[in-house]
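To start, the structure itself, in C-alpha cells.
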C-alpha cells in the first residue's frame with residue numbers, strides 16, 4: 001500500500017470567519033487526533049488533499065501528515081462538505097498505528113450473472129453499496145466483490161456470505177442483506193406467482 005505525504009500547518013486562526021478566509025485562499029481547516037495526539041487544529045492545501053486521496057484507496061489512503069516539522073501517520077476520517085458546492089470544508093485526521101486494525105468503509109462491486117433469477121423474470125436488488133471492515137491500514141481492500149452468479153429466486157446474499165481478503169473482517173451486522181431478489185413486472189403478472197420473502 002503506497003503512502004502519500006501531505007503538508008499541514010498548525011498555526012491557523014480559530015473561528016468561522018478565519019475558516020472561511022482559509023477556504024477562500026485554497027485551504028481546508030481540520031483537526032488531528034488519536035493515539036495520545038491532540039486534538040489540535042491544522043490546515044491543509046485543498047488541491048494537495050484531493051491529490052492525496054485520488055488514488056485507488058481513496059479516503060482510506062494512508063497519509064504521512066507533516067505538520068510544522070512533525071510527521072504523523074494518519075487517515076482522513078470525518079469529512080464535512082459544503083451543502084451546495086460539495087467541496088470539502090473540514091477534515092478530521094486520525095493518527096493510526098499501521099500495525100493495528102482500523103475500521104474503514106469500502107465499496108461493494110457486484111460481479112457475475114444471476115442467470116436463474118434473470119430467466120425467472122425476477123430482478124437483483126443491491127441493498128448495500130459499501131461495507132464497514134476492520135483491517136490493518138495496509139490490508140484495507142479497494143473494494144469487495146459480491147458474486148451473484150449462484151443467486152436463486154427469493155434468495156439473498158448477506159454480509160456473512162461475503163468472501164473477504166485475508167486479514168479483513170466485516171465490522172457491521174453479519175445478517176444485513178447485501179443483495180436481495182424480487183419479482184419483476186413479468187413475473188408479478190404471471191398467474192399464481194407470489195414474491196418469496198428474503199428474510
Among the residues of region 106-124, are any in contact with a helix residue (DSSP H, G or I) (Cβ under 6 Å, 6 or more places away or on another chain), in the same structural domain as residue 34 (by TED's automatic domain parsing) and surrounded by 15 or more Cβ atoms within 10 Å (Cβ to Cβ)? no
Just the residues that are in a strand (DSSP E or B) and loosely packed, with under 11 Cβ neighbours inside 10 Å, please, taken from region 71-84. 71
Filtering region 102-115 down to residues that are farther than 20 Å from residue 81 by Cβ, free of Cβ contacts under 8 Å to residues at least 40 places away in the same chain and either in a strand (DSSP E or B) or in contact with a strand residue (DSSP E or B) (Cβ under 7 Å, 6 or more places away or on another chain) (or both) yields 102, 109, 111, 112
Inspect all residues belonging to region 44-51 and state whether any of them is free of Cβ contacts under 8 Å to residues at least 40 places away in the same chain, more than 24 Å from residue 129 (Cα to Cα) and surrounded by 16 or more Cβ atoms within 10 Å (Cβ to Cβ). yes
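The values are calculated or read from the model by the stated rules, or taken from the named source; none is laboratory data. Everything numeric in this text was worked out from a predicted model, so none of it was measured. All Cβ positions, glycine included, derive from the backbone under ideal geometry; neighbour counts span all protein chains shown.
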